[in-house]
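Single-structure report; data block below.
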Amino acid sequence: MDLVSGYKGVVGLVFGNENSSSNEDSYVERLLDRISNGVLAEDRRNAMIELQSIVAESRGAQLAFGAMGFPVLMSVLKEERDDVEMIRGALETLVSALTPIDHAKESKNEVQPALMNTDLLSREADNISLLLSLLSEEDFYIRYYSLQILTALLSNSQNRLQEAILTIPRGITRLMDMLMDREVIRNEALLLLTYLTREAEEIQKIVVFEGAFDKIFSIIKEEGGSDGGVVVQDCLELLNNLIRNNASNQILLRETVGFDALISILKLRGTAYSFTQQKTINILSALDTINLLMLGGAESEPTKEANKLNNITALVQKKLLDYLLVLGVESRWAPIPIRCAALRYVGDLVAGHPKNLEALASKVLGEEPQVEPALNSILRIILRTSSMLEFIAADHVFKSFCERNADGQMMLASTLIPQPHSMTHAPIEEDVNMSFGSMLLHGLTLSESDGDLETCCRAASVLSHILKDNVPCKERALRIELESPSPSLGPPEPLMHRMVKYLALSSNIKSKDGKPGTKGNSYVDAIILKLLVTWLARCPSAVQCFLDSRPHLTFLLELVSNPSTTVSVRGLAAILLGECVIFNNSEESGKDAYTVVDALSQKVGLTSYFLKFDEMMKSFVFSSTKPQLHKPQMRSAAASMAEIEHVDEQDSSDQKNMDHPILSSMFDTYFVEFIKRLEADIREMIVDVYSRPKNEVAIVPAELEQKSGENDKDYIKRLKCFVETQCFEIQSLLGRNATLAEDLAKIGWGNSTQPEQRVGSDRVQVETLRRNLQEASQRVELLKIEKAKIESEASMYQNLAAKMESDLKSLSDAYNSLEQANFHLEKEVKGLKSGGASSPPDVEAIKAEAREEAQKESEVELNDLLVCLGQEQSKVEKLSSRLMELGEDVDKLLEGIGDDMGLPEDGEEDVED
């Protein structure tokens, strides 16, 4: 055989080379030869006994047998069925060859003969078929050893054996028949079926079809129920394998056998209950079965929800709620794992089920006259228990009770009545006669004096469930006022302010090494912050109550920036600050949303603030899958009693940021998703608030008009101030947008690990920035165009003024020329007079005629020039008014123009002189 030759090669590698032969090899080989070739039956039987002995004791013999012995023994099983002793010996030898031999100094890299032998035997489907056929033999040991061999094969080659058994006709049927055999064989068959049905849906169907449910509960009853031994555990494990994620099998169980036999396992009998290790495991296994039924099947099955509801209804009709309350609440002597599992399944039983919610709300525990509501008893467990897991399980009851149960929340909130100061600091043992709300408030304020806020933290978690998504309950809680420890310390303060005070007190508690926020109390801050975050959500009046005390905002800013706190505490404090923005409808200065954002940007910085969200989302508490608090009990990995008693000793799996493991349970999936949605809204709102100027200027068209009695200078000055204010607001807006753009660029456009959660928020931020920057750019471009237009008009008017100046100068020159011509004529006239001419010309007439002619010509030119000057003067006045409106200094523009226009007049004066 190829397989045998391959194993011979392995033997050679272990003991030397292929040609080497150890004493064990030779001895095994001689024994196999005597078995296969022996003449005397007695000698062959003795050789089989010796072979079994050496294989059971020596690893080398196991290895040598695997290389040479399987063909020999399988031949014996096939051909010598009538020789019972020989068959027994062969089966017992096979069991020894498949059973590991433990050695204290065994190396991890050393060859495992038993594992190799298992692999070799399971590769041949005929071998498995032969072993199953031996189950029909009458001899007890043959059936027993055959089951042991199959179990050994299954434990090491599970998938291969499952496939092989499915191909063998009536293979599962023969195994099911063994459940009705003698006790030892029954137990082996039960263990084998437990292995076979793990994650093998086809085998599960066949086993159920063969009447597994009836046989399982028959064995459980025969063994004594929860008081039975490990067989009861095996039966329940097999039952759980059959109904896990299988709605059809659950329906078959409910409609055929029913749930009575299952629930009877949870009944405690007698007055002096004793919980042995095995009984504890049996009850936990039965509770696992209850849990699987309440899940309803696999997530992909369309009938899951309907089946879940039917299962829960049937379980409640069988009074399962009463038995769970007895195990989880009344039986304080029960082990912690049982109490925790029972409480957890009480919560699952009532979650989203109106009738079950009413039943739990009206349920009372105890005996007359000392009876009290079940919810009060569960709250007392939360406040008093020393087990962290029991607190988590009891807290789960209130979480499930308050989920989508507004009436139940209001019922609990209506009992929130503060006790007198004398009762506020009474010992917790004196809360027996208090109402639910009074007991809760008592727990909130009990540990104030000694600085131990553990009880306060637990009560805060319950209060957060009562307030979640219920605005009327939040408003009612806002009206609760607690008395000060001493009247001299001030009037009563709101409950919310007291919780912030405890948060500050907890954040300042230092451990022995002087470092705050260590593992010992790190979860207290986070749970109180969870209460405040839940309280402020969608409740503007709660936000205003929080901001009524100015130190609250300062404390939160310091908490966000404190590097010694945990990642979750900083992140939740950042969320709380964000709620003070998005749920803030106040317009009062110092309490509005802008004040919070402004303080946040100045003392923390938007970059650092947004990074707190990213750090929190990457932390273990928010990014990891929720751990399974209770693992199914399996015989192959059954916990010892010591492990059960100390099951709540958990190690932190998030040492990097010191987040306490309890937070993974307290921050459920709903809360994590709520925080993620809230974070996106906070980013969007802070971008919107930060990008708006604080004082928005209302532009009234009437303000642009000149007021009656206002001179031009004052009007221009007022318009100039208005324009300067607008420019200042634009520059401030541009500065804010630039800062915000830089902050968003630094933190990256959304976390790369969670892009789908950032897309919406980032798109809003980008669009807001783009819109604001585009508006500002448009206004700047308009101002540039207006400035260029004004400069062009000013240049044109300067050219017109220069032309006017040139025209006036030309007119002045012409006038001077006329004056000079007149002067020469008068001079000639005087010369002629002095010459004595007999008939002097009429100088005066000529002069008058010349003057008249020159005057006519001058008047025509002057009239034309004055018309042009009037038109130009009107344009100059309009342009001067426009320039003054735009803030230009008109006098400065016209400075130096026309200074030399007076020169001709001076010359004229000289001529006249």
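Is it the case that the range 525-543 has a residue that's touching a Cys at 6+ places or on another chain (Cβ under 8 Å) and open to solvent by 10 Å² or more (accessible area, probe 1.4 Å)?
There is no residue in the range 525-543 that is touching a Cys at 6+ places or on another chain (Cβ under 8 Å) and open to solvent by 10 Å² or more (accessible area, probe 1.4 Å).
From the set of residues in the range 837-850 that are open to solvent by 60 Å² or more (accessible area, probe 1.4 Å) and modelled with pLDDT under 75, which is farthest from SER810 (Cα to Cα)?
SER838
Within the range 685-704, which residues are open to solvent by 80 Å² or more (accessible area, probe 1.4 Å) and modelled with pLDDT of 65 or more?
ARG692
Every residue, every condition in (1) surrounded by fewer than 19 Cβ atoms within 10 Å (Cβ to Cβ); (2) of a type in the set (Gly, Ala, Ser); (3) without any contact (Cβ under 8 Å) to a residue 12 or more places away in the chain; (4) closer than 30 Å to ARG160 by Cβ, yes or no:
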{"site": "LEU191", "(1), (2), (3), (4)": "no, no, no, yes"}
{"site": "ARG198", "(1), (2), (3), (4)": "yes, no, no, yes"}
{"site": "ILE206", "(1), (2), (3), (4)": "no, no, no, yes"}
{"site": "ILE220", "(1), (2), (3), (4)": "no, no, no, no"}
{"site": "VAL230", "(1), (2), (3), (4)": "yes, no, no, yes"}
{"site": "ASP234", "(1), (2), (3), (4)": "no, no, no, yes"}
{"site": "ASN241", "(1), (2), (3), (4)": "no, no, no, yes"}
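Pick out the one residue from LEU320, LEU315, LEU375, LEU324 that is under 31 Å from the mean Cα position of the chain (by Cα) and at pLDDT 95 or above.
LEU375
Can you tell me which residue within the range 400-424, out of those that are assigned to a helix (DSSP H, G or I) and open to solvent by less than 50 Å² (accessible area, probe 1.4 Å), is modelled with the lowest pLDDT?
THR424
For the range 329-365, name all the residues that are part of a loop (DSSP other than H, G, I, E, B) and under 32 Å from the mean Cα position of the chain (by Cα).
Within the range 329-365, ALA351, GLY352, HIS353 meet the criteria.
So how many residues does the range 566-611 have that are more than 19 Å from ARG736 (Cα to Cα) and basic (Lys, Arg)?
2
Any residue in the range 354-367 that is free of Cβ contacts under 8 Å to residues at least 24 places away in the same chain and more than 14 Å from LEU412 (Cβ to Cβ) sitting within a Cβ distance under 8 Å of a residue that is among the aliphatic types (A, V, I, L, M) and surrounded by 16 or more Cβ atoms within 10 Å (Cβ to Cβ)? List the pairs, counting only those 6 or more apart or interchain.
If the second residue must be among the aliphatic types (A, V, I, L, M) and surrounded by 16 or more Cβ atoms within 10 Å (Cβ to Cβ), the pairs left are VAL364/ALA374.
Evaluate the following for ARG718: is it surrounded by 13 or more Cβ atoms within 10 Å (Cβ to Cβ), under 30 Å from GLU615 (Cβ atoms), at pLDDT 60 or above and out of contact with any strand residue (DSSP E or B) (no Cβ under 6 Å at 6 or more places or on another chain)?
No; evaluated as a whole, the condition is false for this residue.
Of a type in the set (S, T, N, Q), within 57 Å of the chain's Cα centre (by Cα) and open to solvent by less than 70 Å² (accessible area, probe 1.4 Å): is that true of SER75 in this structure?
Numbers: of a type in the set (S, T, N, Q): yes; within 57 Å of the chain's Cα centre (by Cα): no; open to solvent by less than 70 Å² (accessible area, probe 1.4 Å): yes.
The answer is no for SER75.
Report whether or not TYR145 is closer than 23 Å to GLN162 by Cα, open to solvent by 30 Å² or more (accessible area, probe 1.4 Å) and either at pLDDT 90 or above or not basic (Lys, Arg) (or both).
For TYR145, the condition - closer than 23 Å to GLN162 by Cα, open to solvent by 30 Å² or more (accessible area, probe 1.4 Å) and either at pLDDT 90 or above or not basic (Lys, Arg) (or both) - is met.
Filter the range 869-890 for residues that are modelled with pLDDT under 75 and in a helix (DSSP H, G or I) and give the result.
Within the range 869-890, just VAL890 meets the criteria.
A quick yes/no check of all residues on (1) touching a residue at least 40 places away in the same chain (Cβ under 8 Å); (2) open to solvent by 40 Å² or more (accessible area, probe 1.4 Å):
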{"site": "LEU252", "(1), (2)": "yes, yes"}
{"site": "GLU255", "(1), (2)": "no, yes"}
{"site": "PHE259", "(1), (2)": "yes, no"}
{"site": "LEU266", "(1), (2)": "yes, no"}
{"site": "PHE275", "(1), (2)": "yes, no"}
{"site": "ILE283", "(1), (2)": "yes, no"}
{"site": "ASP288", "(1), (2)": "yes, no"}
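For the range 239-295, name all the residues that are under 39 Å from the mean Cα position of the chain (by Cα), of a type in the set (Gly, Ala, Ser) and assigned to a loop (DSSP other than H, G, I, E, B).
Matches in the range 239-295: none.
Considering the range 643-676 alone, what residues qualify as being part of a helix (DSSP H, G or I) and at pLDDT below 70?
Listed by number, the residues that qualify are GLU643, ILE644, GLU645.
Would you be able to say whether some residue in the range 330-341 is among the β-branched types (Val, Ile, Thr), under 19 Å from LEU236 (Cα atoms) and touching a Ser or Thr at 6+ places or on another chain (Cβ under 9 Å)?
Step one: list which residues in the range 330-341 are among the β-branched types (Val, Ile, Thr), which gives 336, 338.
Filter again for under 19 Å from LEU236 (Cα atoms), leaving 338.
Still in the running and touching a Ser or Thr at 6+ places or on another chain (Cβ under 9 Å): 338.
Yes.
ILE87 passes all but one of (1) within 22 Å of GLY38 (Cβ to Cβ); (2) of a type outside the set (Lys, Arg); (3) open to solvent by 10 Å² or more (accessible area, probe 1.4 Å); (4) in contact with a Lys or Arg (Cβ under 7 Å, 6 or more places away or on another chain); which number fails?
Just one mismatch for ILE87, condition (3).
For MET804, state whether it is open to solvent by less than 80 Å² (accessible area, probe 1.4 Å), modelled with pLDDT of 70 or more, closer than 30 Å to VAL723 by Cα and part of a helix (DSSP H, G or I).
No.
Examine the range 104-111 for a residue that is open to solvent by 60 Å² or more (accessible area, probe 1.4 Å), without any contact (Cβ under 8 Å) to a residue 24 or more places away in the chain and within 19 Å of GLN52 (Cα to Cα), and state whether such a residue exists.
no
From the list LYS856, LYS827, pick out the single residue that is at pLDDT 75 or above and within 30 Å of LYS875 (Cα to Cα). Step through it out loud before you land on a result.
Numbers: LYS827 fails: within 30 Å of LYS875 (Cα to Cα).
Only one candidate qualifies: LYS856.
Name the single residue, out of those in the range 596-622 being open to solvent by 20 Å² or more (accessible area, probe 1.4 Å) and either outside any helix (DSSP H, G or I) or without any contact (Cβ under 8 Å) to a residue 24 or more places away in the chain (or both), that is farthest from GLU673 (Cα to Cα).
Checking each candidate, the answer is GLN602.
The values are calculated or read from the model by the stated rules, or taken from the named source; none is laboratory data. Quick caveat: nothing in here was measured; it's all calculated off a predicted structure. Cβ: placed from backbone, ideal geometry, glycine included. Neighbour counts: every protein chain shown. These area figures cover heavy atoms from the full protein model, side chains too; ligands, DNA and RNA do not enter into them. Shrake-Rupley method; radii C 1.70, N 1.55, O 1.52, S 1.80 Å.
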